[in-house]
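Step one of this worksheet: look at the structure below.
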Amino acid sequence: MQVIKNYDSEYPVGILWNMGNKYAREMMLKIAIMEDVIQVKVLDLGKKYEQFVLDCYKGDEEAYEGGYIYDKIKNMNTDNKKIVVFVFKVDNPTYQKSEDGKIQCIEARKVKQKIRAEYASKIDGYFFDNLIHISDNIEESKRTLDTINNYEEYTIKDYVRRGYKAIIKGKNKKSSKSYVSFLKELKEDNNER
């Protein structure tokens with residue numbers, strides 16, 4: 001496996017799926033400890049949840065092989081259709097080629113793997129990938145970002161770190177809260193679920 005260095009920054013896009021909402025605050029704190037979280041949004045997708053998931057994996061033939069994506073959606077089909085989307089910054093990222101030839105940001109994969117390793121056992125009916133999704137490379141980040149932007153109207157909460165411009169588009173131009181107060185709201189939401 002060849003490791004490639006890049007001295008620019010990468011901005012992976014992540015999604016905490018509805019199955020992990022109970023732990024969203026905890027997971028976002030851990031992610032912020034590992035990497036610089038730039039933006040976070042909460043979307044309540046309602047009846048559009050299934051289509052959102054399909055749109056996120058459009059072009060990913062592997063996800064559609066053997067009906068995997070439909071099993072994933074079936075497993076995530078709960079009354080709660082809220083997801084947390086986020087963008088973080090990786091300075092000087094490193095990349096590797098996977099066995100199937102895809103370029104992957106090592107730092108983004110580490111975040112995803114750490115969250116899965118720590119929280120998978122806490123999720124009732126855990127099904128691989130029904131907890132967190134993080135883009136592995138710039139192309140996947142762009143695709144995921146385009147999908148999220150197409151569902152902007154479902155945003156119910158939005159945080160942009162001070163000193164940064166929003167990467168995920170937004171209609172409202174409210175001033176950003178602190179990350180801690182945003183996470184406090186996530187915790188309060190969990191009490192309602």
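The values are calculated or read from the model by the stated rules, or taken from the named source; none is laboratory data. These figures come from a predicted structure and were not determined experimentally. Note that each Cβ is placed from the backbone with ideal geometry, even for glycine, and that neighbours are counted across all protein chains shown. Heads up: the accessible areas ignore ligands, DNA and RNA and are worked out on the full protein's heavy atoms, side chains in. Shrake-Rupley method; radii C 1.70, N 1.55, O 1.52, S 1.80 Å.
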Q. Given the residues ILE156, ILE138, which is the only one that is modelled with pLDDT of 85 or more, exposed (fewer than 14 other Cβ atoms within 10 Å of the Cβ) and among the hydrophobic types (A, V, I, L, M, F, W, C)?
A. ILE156
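Residues LYS41, LYS30, LYS22: which one is open to solvent by less than 10 Å² (accessible area, probe 1.4 Å), in contact with a Lys or Arg (Cβ under 8 Å, 6 or more places away or on another chain), in contact (Cβ under 8 Å) with a residue 12 or more places away in the chain and charged (D, E, K, R)? Lay out the reasoning, then the answer.
Values: LYS30 fails: open to solvent by less than 10 Å² (accessible area, probe 1.4 Å); LYS22 fails: open to solvent by less than 10 Å² (accessible area, probe 1.4 Å).
Within the list LYS41, LYS30, LYS22, the selection yields LYS41.
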Q.
Looking only at segment 44-65, filter to residues that are touching a residue at least 40 places away in the same chain (Cβ under 8 Å) and not acidic (Asp, Glu); which one of those is nearest to GLU118 (Cα to Cα)?
A. CYS56
Q.
Please determine whether any residue of segment 79-97 is over 29 Å from ASP36 (Cβ atoms) and either at pLDDT below 95 or aliphatic (A, V, I, L, M) (or both).
A. yes
Q.
Can you tell me which condition LYS177 does not meet? The list is (1) surrounded by 13 or more Cβ atoms within 10 Å (Cβ to Cβ); (2) at pLDDT 90 or above, and all the others hold.
A. (2)
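Would you be able to tell me the number of residues in segment 56-74 that are crowded, with 16+ Cβ neighbours inside 10 Å and touching a Lys or Arg at 6+ places or on another chain (Cβ under 9 Å)? Please lay out each step first, then the result.
In the first step, residues of segment 56-74 are kept if they are crowded, with 16+ Cβ neighbours inside 10 Å; the result is 56-57, 63, 68-69, 72-73.
Going one step further and asking which of them are touching a Lys or Arg at 6+ places or on another chain (Cβ under 9 Å), we end up with 56-57, 63.
Number satisfying all stated conditions: 3.
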Q.
Six or more apart or on different chains, Cβ atoms under 7 Å: show the pairs whose first residue is in segment 66-95 and acidic (Asp, Glu) and whose second is part of a strand (DSSP E or B).
A. ASP91/SER9
